[in-house]
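The structure under discussion appears below in the form of structure tokens.
Rule-based calculations on the coordinates, nothing more; no lab input. Remember, it's a predicted structure, so these values are computed and weren't measured experimentally. For neighbour counting, all protein chains shown are included, and Cβ atoms are generated from backbone atoms with ideal geometry for every residue, glycine included.
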Amino acid sequence: MLLGGNRRRLTLVLAGLVTLAVVALIGVVVARTVTDNRAAPTAGTTNPSAQPSPSPSTPPPGADITGPLNLLLVGIDTRVSVPGWEPHADAVLLLHVPAGLSRAYLFSLPRDLVVDIPAYEPAGYRGGRTKLTHAMSYGSRVPDRPKQPDPAQGYELLRQTVSDYTGLRIDAGAVLTFGGFDELVDSLGGVDIHVDQRVVSRHRQPDGKHREPGPGVGGYVGPQMVYEPGDRHLNGWQALDYARQRYLPGGDYARQRHQQQLIRALVGKILDEDLARQPERVEQVVTALGDTLLYVGGRRIVDFAYALGTLSPQALTLVGLPGASVGRGSAYRGEELTQVGRRFLTELRAGRVDAFLADNPKLKVPS
């Protein structure tokens, strides 16, 4: 068990980069004030995972991380009530931080993006061309445990698929189930967000109860929660429900935009409440995440937290990549990025993304 200052500092770091899994730059906001909350190690603390505060002659953790960095953030749908249900990647976001770590770009890939998924021996998957969301489910399969999928395996195949498609090296990432998201938002006291279009929920009633299953695949019956345009305060279940809806004008691209706007709203919430300077509140966030989060990275979380400590939330640019459906006639296969969307990835890799966004301002997602 970590004690005193060490425990407090590491808790802040965990709440930072781990929470990054679903709310991206929240981790950066927290990390920015980590150094202000440092305390000397408590006497008797011997846990090897505790990280002492850097001395003037000792470089801080992650001092060698100069960028560029690419973090893969995944929200998965796990239906624990259904035996053998395989997790699907319902939200796939990439946070790109160029060399120098002074700015960042957050963008989404459509869950139905048609991609080449490589063969993956641990899951017995031979590879194929299909929707991106399936990389998570196919990779999570454990041949000798068909009813016990492994999200860590699923993440690895998804990571390989995303890296191949974008040409970006993925340095670290995290997976968060939707089941933990509403607790996270409630632990922050809800969020304020500008609803940019009328959104009618397929899943929730106005009182928050789940709608009853109805006829047809994915059908529901009963009254529906409606989010009207304007400035709204959303609690946990409302924020999750709002960010999940894709059966609306704009489809999954509108949902991607709403997820990114929610991320920005959460960043603002932490700034307004000065959460990073309240260790007890940060611990509430960590507790809310619980077992719903999986972190995967070649470096320690503390390294990334310190490395990103000077990144301002105002330096975060939200990007919406345009796409179009793929198929023949009424046979829908999935989505593909338009030429402009694919060009964004090319310019991002080449370090020319600022000029490209200046020429294509419609790609920037408004707050």
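Below is a table of values for the structure above.
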{"read-out": "Cβ-derived FRET efficiency at R0 45 Å, Ser330 paired with Arg198, nearest 0.05", "value": "0.95"}
{"read-out": "For the range 187-193, Karplus couplings with θ = phi - 60° (6.51, -1.76, 1.60), whole Hz, Gly/Pro x", "value": "5, 9, x, x, 9, 9, 9"}
{"read-out": "Under-5 Å amide H pairs with Gln245, H placed in peptide plane, nonlocal only", "value": "none"}
{"read-out": "Lysines whose Cα lies under 30 Å from that of Lys147, excluding same-chain neighbours fewer than 8 positions away", "value": "Lys131, Lys209"}
{"read-out": "Most to least packed among 344-356, 251-263 [average Cβ atoms within 10 Å]", "value": "251-263, 344-356"}
{"read-out": "Amide proton proximity set for Ala91, modelled H, under 5 Å, gap of 5+", "value": "Gly75"}
{"read-out": "Amide H partners (placed H, <5 Å) of Leu113, local residues excluded", "value": "Leu132, Thr133, Glu335"}
{"read-out": "Listed peptides 320-333, 121-134 by packing density, highest first (mean Cβ within 10 Å)", "value": "121-134, 320-333"}
{"read-out": "Mean Cβ neighbour count within 10 Å, used as a protection proxy, ranking 144-157, 200-213 highest first", "value": "144-157, 200-213"}
{"read-out": "Estimated FRET transfer efficiency when R0 is 35 angstrom, pair Glu212-His233 (beta carbons, to 0.05)", "value": "0.80"}
{"read-out": "FRET efficiency estimate (nearest 0.05) - Cβ-Cβ, Gln339 to Ala63, R0 51 angstrom", "value": "0.80"}
{"read-out": "The range 136-240: C-alpha pair distances exceeding 24 Å, %", "value": "50 percent"}
